[in-house]
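The values are calculated or read from the model by the stated rules, or taken from the named source; none is laboratory data. The model shown is predicted, which means the values in this text are computed figures rather than measured ones. All Cβ positions, even for glycine, are placed from backbone atoms using ideal geometry, and neighbour counts span all protein chains on display.
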Amino acid sequence: MAKRARTKALSASALMVRLDPESKQALAAAAELRHISVSDYVRTVTVSQARREVVSAREHTILLSPDEQLVFWQALQSPAKPTPAQRRLGAVMRGEP
């Protein structure tokens, strides 16, 4: 039995995270909805998200949440106007006098 406990202890490592009370409450509420512990919730959600991001990075794609997608789309629809310095740089790069 001691060998099994030692093997399990070696196969897992601890991670401490400091959260503000509101974030901690959100995690606790989400975990409760799934009927699992906060640790299990963080492990399940965080690890799967991290794996998706690693795969995405390896494929050279950008992974955006729905909110991030909306902000990106809005930025594409109404680009910022270039500053005078940016206009001068553009002229230089185009080879204009």
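For this structure, a couple of remarks:
- For the stretch 65-81, the candidate set comprises residues that are over 19 Å from A50 (Cα atoms) and of a type in the set (G, A, S); within that set, the residue that is modelled with the lowest pLDDT is A80.
- Close pairs (9 angstrom Cβ cut-off, 6 or more residues apart or separate chains): closer than 18 Å to I62 by Cβ in the stretch 73-86, outside any helix (DSSP H, G or I) and of a type in the set (S, T, Y) anywhere: none
- Any hit, the stretch 31-41, residues being of a type outside the set (G, A, S), loosely packed, with under 12 Cβ neighbours inside 10 Å and either modelled with pLDDT under 90 or in a loop (DSSP other than H, G, I, E, B) (or both): yes
- Only one of the numbered conditions (1) at pLDDT 90 or above; (2) out of contact with any helix residue (DSSP H, G or I) (no Cβ under 7 Å at 6 or more places or on another chain); (3) surrounded by 12 or more Cβ atoms within 10 Å (Cβ to Cβ) is not met by P21, and that is (3).
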